[in-house]
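All of the numbers you see were taken from the coordinates with simple rules; none came from a lab. Only a predicted model underlies this, so the values are computations on that prediction, with no experimental measurement involved. Cβ atoms come from the backbone with ideal geometry, glycine included; neighbour counts cover every protein chain shown.
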Amino acid sequence: MADQADDGLTGLRPPEKHLPVGVMPNAPHQDAGFLHATHFQLAVVEFDDQGRCHQDGAQLKAVSTVIEGLREQGQDAITLVFVHGWKHDARSDDENLTSFRAMLHRTALYEQAHPGVGGPRAVYGIFVGWRGLTAYAPSDLVADATFLGRQDAAHRVATGSVRELFGRLRHYRNARLKRGGAPLLAISGHSFGGMIVYSALAQSLIEAASAPADHVIPGFADLVLLANPAIEGARYLPVYDLVSGAPFRERTRAQLPVFICIQAENDQPVGTWFPIGNFKSRLEEAAIGDLEKRCITHAIGFVGQFNTHRIAGPAGVDRFVLDPPEIRQPNPFWVVSAEKEVIDGHGGIWQQPFIDFLGAVLFQHVQVSKAALPPPAGADVVAAEARGGPSVGRTFAARAAIHDAEPNGKLADFAHATFGPREGGHLP
C-alpha cells in the first residue's frame with residue numbers, strides 16, 4: 001500500500017503499545033462518533049466476540065444519529081463501509097484502517113473533481129472492527145493457529161449487531177432513492193470480514209438476482225465487494241443457480257457490477273486451511289454432484305465454476321489487465337480470480353493493481369450514482385413509500401438510461417484515464 005496521505009484526520013486514539021507476546025483484549029480500540037478529516041468523515045464501529053457492539057452500543061448509536069440526520073435533512077452522501085478480516089482489528093495503526101482512510105481520501109477528491117448538479121456529496125467512511133487478532137508473537141505461527149477460532153468468532157459477529165448497522169445504512173439509502181436522491185452505498189470486507197458482509201447481505205443479493213427485470217436493482221447496497229472471503233461456496237450456490245440459468249444468461253443489457261468476489265490464486269489460508277477446517281462438514285452433509293461436494297469445503301473464490309473474470313498485474317500502460325475487460329457487462333455478479341501481482345496471498349490486498357481496480361469500479365459507481373430525479377410530491381411520496389420500492393427502481397432506471405448513453409469501454413482504460421499511466425505510481 002502507498003504511504004498514508006496527509007488526510008488531516010484527528011481523533012483516533014494513539015497507537016497502542018503491547019508486549020512482544022500476548023493476547024489482544026476483547027475491548028474497543030476507538031471512541032464513538034464520526035471523526036473529521038479534511039475531505040471526509042470516519043467512524044469506527046466495533047463488535048465483541050459475541051457480536052455485540054462495544055461500549056453499550058455507543059459507537060453504533062453515534063453513527064445511527066448521523067445517518068438519520070442525513071435522511072431527515074434530505075442530504076445525499078457517499079458511504080463506504082469496510083469490514084476487516086483475520087489478524088486485524090481497529091487499532092489506529094492497523095494497515096487495513098490506514099488503507100481504508102487512503103481510499104476515502106481519494107474518493108472524496110474524485111467526487112469534488114466530478115460533482116453532480118447539486119455539488120459534491122459528503123463522503124462518510126465506516127470501519128467495522130472486531131477481534132480478528134487474538135494471540136500474537138514475533139512468529140506468525142502463533143497468530144496462524146487462531147484461524148479456526150477466529151472463524152467461529154466471525155460467524156457470531158455476522159449474526160450480531162452488525163446487521164443493525166447495515167440495516168440502518170440500507171434504510172437511509174433506500175429512503176433517499178425513493179425521493180429521487182443520489183446516495184451511494186458500497187460495502188466491502190476482507191477474509192472473515194467478507195464472510196460477515198456476505199452472511200448479512202446474502203438474502204438481498206439473491207433477491208436482486210431473482211428479480212424478473214432487465215436491469216438488476218440491488219436492494220441493499222450499490223456495490224458489495226469481498227476480497228479473499230472465507231465463506232463456503234455453498235452459500236453462493238443460490239446466486240450462481242440464478243445467474244447461470246437461461247433467463248439470466250439471455251440478458252443483453254450491460255450494467256456495472258453490483259457484487260464482486262475477488263480471490264487471490266495463492267491464498268493459502270482460504271485455499272488450503274479453509275477446506276481442511278470444513279472437511280468434517282463434507283463427511284456429515286449430503287451433496288448432489290461434484291459442484292455441491294466442492295462447495296461444502298471450498299470458499300467461493302476457489303470454486304472454478306463460479307469464476308467470471310480473471311485479473312492480472314500491470315502490462316504496458318495498463319495498471320491491471322481484466323478479462324473480460326468491459327466496464328459494464330450483462331452479468332453484474334463477478335467472481336474474479338486474481339494473480340499474485342494484484343493480490344499476493346491472503347493478506348496482501350493493498351497492492352497498487354488491486355487499489356487501481358477497486359478505485360476504477362468504485363469511481364464508476366460514483367459517476368452513475370449522481371443521477372437524481374425530482375422527488376415525488378405530496379401523496380406520491382406516501383404512495384411510493386407504501387409500495388416499498390418501485391420508486392427505487394425508478395431512480396435506478398434513470399441512472400441506467402444516462403449510463404447506457406455512454407460508451408462501454410474497458411475498465412483498465414478508465415483507470416488509466418483517471419489515475420494516469422501506471423508509471424505515475426500512486427492514485428491521485
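All other residues whose Cβ lies under 13 angstrom from that of Asp323 are scored, Lys and Arg at +1 and Asp and Glu at -1, for a net of -1. Beyond 32 Å between alpha-carbons counts as too far, so tell me which of Lys293/Lys340; Lys87/Lys280; Lys87/Lys370; Lys178/Lys340; Lys17/Lys61 fall in that bin. Cα-Cα > 32 Å for Lys87/Lys370; Lys178/Lys340; rest within.
Taking the Cα centre of the chain as origin and assigning +1 to Lys and Arg Cβ atoms and -1 to Asp and Glu Cβ atoms, the resulting dipole is close to 940 debye. Scanning residues 5 or more positions from Gly85 or on other chains, those with amide H under 5 Å from its amide H are His190, Gly193, with H placed 1.01 Å from N in the peptide plane. Applying 1/(1 + (r/R0)^6) with R0 = 41 Å to the Cβ-Cβ distance of Ala287 and Lys410, what FRET efficiency is obtained, to the nearest 0.05? Approximately 0.60, to the nearest 0.05.
Percent antiparallel among DSSP beta bridges with both residues in the chain, to the nearest 5?
Rounded to the nearest five, the antiparallel share is 25 percent.
Taking the Cα atoms of the range 1-90, the ratio Rg/Rh between the radius of gyration and the Kirkwood radius comes to 0.99. When all alpha carbon pairs of the range 187-312 are counted in 5 Å bins from zero, the resulting P(r) reads 2, 11, 20, 23, 21, 14, 7, 2, 0 %. The mean sequence separation of alpha-carbon pairs under 8 Å and at least six residues apart, normalised by the residue count of the chain, gives a relative contact order of 16 percent. Sorted ascending by nearby beta carbons within 10 Å, beginning with the fewest, Trp86, Trp334, Trp273 become Trp273, Trp334, Trp86.
Note the per residue figure in Å³ for the convex hull of the C-alpha positions in the range 25-424.
It is 144 Å³ per residue.
Using alpha carbon centroids, what distance separates the range 295-342 and the range 113-166, in Å? Centre-to-centre (Cα) distance: 23 Å. Close amide H pairs (under 5 Å, H built 1.01 Å from N) link Ala135 with Met24, residues at least 5 positions away or on another chain.
Taking label points 7 Å from Cα along the Cα-to-Cβ direction, Thr38 and Ala246 give a separation of 5.8 nm.
Of interest is the spacing of the C-alpha centroids, which for the range 179-210 and the range 22-57 amounts to 21 Å. The residues Glu232, Glu164, Glu284, when put in order of fewest to most other Cβ atoms within 10 Å, stand as Glu284, Glu164, Glu232. Normalised by residue number, the volume inside the convex hull of the Cα atoms of the range 92-155 is 112 Å³ per residue. Taking other residues whose beta carbon is less than 13 angstrom from the beta carbon of Ala299, and scoring Lys, Arg as +1 and Asp, Glu as -1, yields -1.
Counting other Cβ atoms within 10 Å as a rough exposure proxy, the listed residues Ile196, Ile206, Ile327 run Ile206, Ile327, Ile196 from fewest neighbours to most.
For the range 185-249, the orientation-averaged shadow of the C-alpha convex hull comes to 4.2 nm² (one quarter of the hull surface). Taking every alpha-carbon pair within the range 106-215, the share separated by more than 25 Å comes to 42 percent.
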